[in-house]
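Reading through the structure tokens given below for one structure.
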Amino acid sequence: MTSVLPNWPVIDFHCDVLYKMHLGQALSFEDPALDVTRSRMKEGGVGLQTFAIFIPQQVGSQRFEHIVRQVELFREHIAYPDGGLSTLRWREEAAQLSRQAGIAPEKDEPKLQKAVVEAPAWGLLSLEGADALEGNLEYIRLSYELGIRLIGITWNYANWAGDGVLEQRNAGLTNKGREMIRYCNKLGMLLDVSHLSESGFWEVMEQSDTPPVASHSNARYVQNHVRNLLDEQIRALIARDGRIGLVFYPPFVKDGADVRAEDLLPHIEHICSLGGAGQIMLGSDFDGMDQHVRGLAHPGDYPAWAGLLLKHYPESLVRGWLAGNALGYLAKNLPQAPISSTKV
């Protein structure tokens, strides 16, 4: 692999590989039906990929067993030994990945430089929509024990915890949803506000002790789509030192049939104009879409994407957007490992 930025990983906060595997649309981590594969992660220099657990509507009523099933798929096909990925669960592991990449104080850099392609890549588990938790806080604890570290409270519609962005009433969290926020804070489970209603967003911002992320959302000022963030929401995430993952789904980027990688630049510009250069990361939504941005169809396109960014921005910012901002968030906000912790 020829990397534009040697020794530097790419961090992606959202993909839907497990959804396709659950439906039987992909049978392995190298299935050609997938955008994200192990070989494409290597080709693109991906050091950490977040795998969302999104339960297909085809299964009917969502239950906790469906979450367990996708964790099993992750372990069988993606995590060690078959897929070659370690499961990221603890802040110490995020710090380890930072050291492997040479992301460290200047005085420490010489002794920490190590090519990421020689180190194991990592997978982070997230839950997209709390529906299958069935309103049971014990299932949140069990999800945590299974290795899930990020929960998106809703998908687009209402569930037991709150309203999604497509619910016209724009209600916020339910009483049970507020209880969930408190319990996640206690556990060390991180919270994702992508897909959440505007009212719910503000409740999470007020009630969560840990800064939330919007794992895959762009700027609504640039592209007026309900799934994108208003300026007030972006400012709030910046103020809390949360994170915003640029999403590559074309309707969230720009109107029209021909959407290109450079069309993401206005979203970057706008978030930066609000003071958010240190909050931008990537949240591709690979494998969760039926159309792609030209030039960003799969992780193998990341070196070219980095090259495009370097034509417009200084390397220090580009490194942050590709990895540093996401890793900094994880190293600060993931729970600390217990002394007896071992990798899955």
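What follows is calculated from the coordinates using simple rules that are stated; it is not laboratory data. Everything numeric in this text was worked out from a predicted model, so none of it was measured. Reconstructed Cβ throughout: ideal geometry from the backbone, glycine too, with neighbour counts over all protein chains shown.
Numbers below:
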{"quantity": "Under 11 Å, Cβ to Cβ, from residue 217 - net charge with Lys/Arg +1 and Asp/Glu -1", "calculated": "+1"}
{"quantity": "Magnitude of the charge dipole, region 176-294, Cβ model with Lys/Arg +1 and Asp/Glu -1, debye to 20", "calculated": "280"}
{"quantity": "Restraint check, 42/176; 20/254; 20/42, Cα-Cα greater than 31 Å", "calculated": "42/176"}
{"quantity": "Backbone N within region 203-242 under 11 Å of label point (7 Å from residue 185 Cα along the Cβ vector)", "calculated": "204-211"}
{"quantity": "Bridge type composition, the chain - antiparallel percent by DSSP, nearest 5", "calculated": "10"}
{"quantity": "R0 of 35 Å, Cβ-Cβ distance residue 176-residue 99: FRET efficiency to nearest 0.05", "calculated": "0.30"}
{"quantity": "FRET efficiency, 1/(1 + (r/R0)^6) with R0 51 Å, evaluated for residue 241 and residue 58 via beta carbons", "calculated": "0.85"}
{"quantity": "Calculated from backbone phi, Karplus (6.51, -1.76, 1.60) coupling profile of region 54-68 in Hz, x at Gly/Pro", "calculated": "10, 7, x, 4, 4, 7, x, 4, 6, 9, 4, 4, 5, 4, 4"}
{"quantity": "27 Å tail of the calculated P(r), the chain, as % of Cα pairs", "calculated": "40"}
{"quantity": "Net charge over other residues, Cβ less than 11 angstrom from the Cβ of residue 330 (K, R count +1; D, E count -1)", "calculated": "+3"}
{"quantity": "Separation of the residue 337 and residue 304 label points, Cα + 7 Å toward Cβ, nm", "calculated": "3.8"}
{"quantity": "Per-selection Rg to Rh, region 141-281 - Cα, Kirkwood hydrodynamic radius", "calculated": "0.98"}
{"quantity": "FRET efficiency, 1/(1 + (r/R0)^6) with R0 56 Å, evaluated for residue 30 and residue 232 via beta carbons", "calculated": "0.85"}
{"quantity": "Long-range amide H partners of residue 35 with built H, under 5 Å", "calculated": "287"}
{"quantity": "Those residues of region 247-265 whose amide nitrogen sits under 12 Å from the label point placed on residue 291, 7 Å along Cα→Cβ", "calculated": "249-260"}
{"quantity": "Stokes-Einstein D in µm²/s, Kirkwood radius over Cα pairs - region 198-282 at 10 °C with 1.306 mPa s viscosity", "calculated": "123"}
{"quantity": "Chain lengthening between residue 42 and residue 136 when straightened (0.36 nm per residue, less Cα-Cα)", "calculated": "30.0 nm"}
{"quantity": "Around residue 185: net Lys/Arg minus Asp/Glu count, Cβ-Cβ under 12 Å", "calculated": "+1"}
{"quantity": "Per-residue [θ]222 nm for the chain (sum of -39500 (n - 2.57) over DSSP H runs n ≥ 4, rounded to 500)", "calculated": "-9500 deg cm²/dmol"}
